[in-house]
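To start, the structure under review is shown below, and the notes come after it.
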Amino acid sequence: MDWLNAVVQGTLLGGLYALFAAGLSLIFGVMRLVNIAHGDLIVLAAYLGLTVTTATGMHPLLALVVVVPVMATIGYALQRGLLNQTLGDDLLPPLLVTFGLSVIIQNALLEGYTADPQKLSAGALETASFDLGGLTLGVLPALTFAIAVVVIWGLQRVFYHTPLGRAFRAVSDNQDIAQLMGLNRRHIFGLAMALALAVTAVAGILLGIRTSFDPSIGGGRLIFGFEAVIIGGLGNLWGTLAGGVILGVAQTVGAKIDPGWQILSGHIAFLIILAVRPNGLFPRISA
C-alpha cells in the first residue's frame, strides 16, 4: 500500500505539473515560442493572488476571478507589445528577450515583496482529506488534478472545436497563408498568450496554496513544466497531462526510495524518455 500510495500521490502531483506545462505547450503549439519567463509568470500569478487575498480577504480560489483576467491581459499586452517583434526564423531573439523578462520579473518581485517566503492561506482546504480504498488522499491535490483535467479538456475543445482554435491552427501551420486569408497573426498570437497566461494564473494560485513561494523559484517551475511538455510531446495537450503525471510519479517513487532522490528521479525519468523517444511519448496530434 505504501508504494501504491506513492504512485497515487505522484499522479495527483502531476496535475499541478500539467498546469505548469499547459501554457508552455499551447504557445509552442501555436507560435513555436519557447518562453523562458514562464516559471516567473507562474510566481507572478501567485503574488497577484497574495495581493488580492490580502487586500480583500477573499479565498485564494475566489481570487482567480481577479487574477485570471489580469494575467490574460498581461499576456496579450506582452505578446503584442514585445514578443511579436522577436518572432521569426531565428529562435535566439525570443529566448534572449524572455530570459531578460525573467530577470526583470524576479527583481521586480524582490523589490515589491522582498525575498521572504509567502503562502496563500486556504483554511481547511489545505489539510482536508478523504479515504479512497484504504488510501488517504488530500482534498487539495485531488482538486488540483481535477482542475488540471478540466483546464486541458477546455484547451483541447478551444483548439479543435472553435473558430479561435481554427485560427490558432491556421497560423501555426502557415502564418503567411493565414495572413492572406484575413487572419491578423499578431492578434491571434496575442490571444494565444492571453489564454496561456490565464492557465498560468490557475497554476500560480494552486502553487501558492500548496506550498510557500518566493521570487527565486520560477526557474524550478519552468524546468518541471518543460519536462512535462517534452515527456508528453511538444504541442500535445493531453500528452502534457500524461507528462506531468509521469514526472510526478517518478518524483514520489524516488522520494519513497530515498528522500534526497525526489527531484533527481524526475530528471532521470525525463532523460530516459528523451533518449528513447526524442519527440515525446505522444507527438502532437494534427487533426
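Each Cα pair under 8 Å and six or more residues apart adds its sequence gap; the mean of these over the residue count of the chain is a relative contact order of 37 percent.
Ordering L95, L4 by accessible surface, largest first, gives L4, L95; the 1.4 Å probe counts only protein heavy atoms, with every chain in place. Here the ratio of the Cα radius of gyration of the range 195-255 to 2.2 N^0.38 Å is 1.16. For the range 46-137, a crude dipole built from +1 on the beta carbon of Lys and Arg and -1 on the beta carbon of Asp and Glu, taken about the Cα centre, is about 200 debye to the nearest 20.
One way to sum up the overall shape of the range 167-230 is the equivalent ellipsoid from its Cα gyration tensor, whose semi-axes run 33, 13, 9 Å, largest first. Between A275, V171, L155, the Cα set farthest toward the positive side of the dipole of the chain (charges on each charged residue's Cβ, about the Cα centre) is that of V171.
Remark: the range 1-77 is approximated by an ellipsoid whose semi-axes, taken from the C-alpha gyration tensor as √(5λ), come to 26, 22, 9 Å, largest first. Which angle between 0 and 90 degrees, to the nearest 10, do you get for helix 163-173 versus the longest principal axis of the chain when only C-alpha atoms count? Around 70 degrees separate the two axes.
State the volume of the convex hull built on the alpha-carbon positions of the range 19-62, expressed per residue in Å³ and rounded to an integer.
On the way: hull volume 3.2 nm³, N = 44.
Dividing the Cα hull volume of the range 19-62 by its residue count gives 72 Å³.
Before I look further, what does the range 50-125 give for accessible area per residue, probe 1.4 Å, in whole square angstrom? It would help to have the intermediate numbers written out before the result.
Details: 4280 Å² over 76 residues.
Computed with neighbouring chains in place, this is 56 Å² per residue.
Taking the solvent-accessible surface of protein heavy atoms with a 1.4 Å probe, what is the per residue accessible area of the range 140-287 in Å²? Intermediate results must be reported in sequence, preceding the final value.
Details: 6470 Å² over 148 residues.
With all protein chains present, the range 140-287 gives 44 Å² per residue.
Amide H to amide H, with H built 1.01 Å from N, L281 comes under 5 Å of G232, G233, counting only residues 5 or more places away or on other chains. Any chance you could check the Cα centroid distance between the range 151-192 and the range 18-70 for me, in angstrom? The range 151-192 and the range 18-70 have Cα centres separated by 21 Å.
Compute the whole-percent fraction of alpha carbon pairs in the range 63-148 spaced more than 22 Å apart. Spell out each step's value before the answer.
Working: 2014 of 3655 pairs.
Above the 22 Å cut-off, the range 63-148 has 55 percent of its Cα pairs.
Each Lys or Arg adds one and each Asp or Glu takes one away; over the other residues whose Cβ falls under 13 Å from the Cβ of L109, this sums to -4.
Need the full-extension length gain, R186 to H267, defined as separation in residues times 0.36 nm minus the C-alpha distance. One decimal, nm.
Working: separation 81, 0.36 × 81 = 29.16 nm, distance 3.56 nm.
So the extension gain works out to 25.6 nm.
Karplus-derived 3J(HN,Hα) values for the range 72-80, using 6.51 cos²θ - 1.76 cosθ + 1.60 with θ = phi - 60°, are 5, 5, 4, x, 5, 5, 5, 5, 5 Hz; glycine and proline are entered as x.
Taking amide H as placed 1.01 Å from N in the peptide plane, S129 has its amide H under 5 Å from the amide H of V139, each at least 5 places away in sequence or on another chain. The dipole here belongs to the chain: it is taken about the Cα centre, uses +1 on the Cβ of Lys and Arg and -1 on the Cβ of Asp and Glu, and is about 680 debye.
Normalised by the number of residues in the range 1-144, the average gap of Cα pairs under 8 Å and 6 or more apart makes the relative contact order 29 percent. Size descriptors for the range 8-164: radius of gyration and Dmax over Cα atoms are 17.7, 55 Å. Candidates L206, G244, L195 compared by Cα position along the dipole of the chain: farthest toward the positive end lies L195, with charges placed on Cβ.
Each Lys and Arg adds +1 at its Cβ and each Asp and Glu adds -1 at its Cβ; summed about the Cα centre, the range 158-287 shows a dipole of about 240 debye. Among N184, N84, N236, the largest mean-square fluctuation in a Gaussian network model of the chain (Cα springs under 10 Å) belongs to N184.
I'd like the carbon and sulfur percentage of the solvent accessible area for the chain, probe radius 1.4 Å, heavy atoms only, ligands and nucleic acids excluded.
Working: 8570 of 12800 Å².
The computed percentage sits at 67.
Across every direction, the projection of the convex hull enclosing the Cα atoms of the range 101-141 has a mean area of 4.6 nm².
Measuring r between the beta carbons of N174 and A146 and using R0 = 45 Å, the FRET efficiency lands at 0.75.
Take every Cα-Cα pair in the range 122-243 and report what % of them are more than 27 Å apart. Walk me through the numbers on the way to the answer.
Working: 2399 of 7381 pairs.
The proportion of pairs with Cα distances above 27 Å equals 33 percent.
The values are calculated or read from the model by the stated rules, or taken from the named source; none is laboratory data. Predicted model only: the values in this text are computed from it and were never measured. FYI the Cβ positions are ideal-geometry reconstructions off the backbone, even for glycines, and counts take in every protein chain you see. The area values use the complete protein model at the heavy-atom level, side chains included, leaving out ligands, DNA and RNA. Shrake-Rupley method; radii C 1.70, N 1.55, O 1.52, S 1.80 Å.
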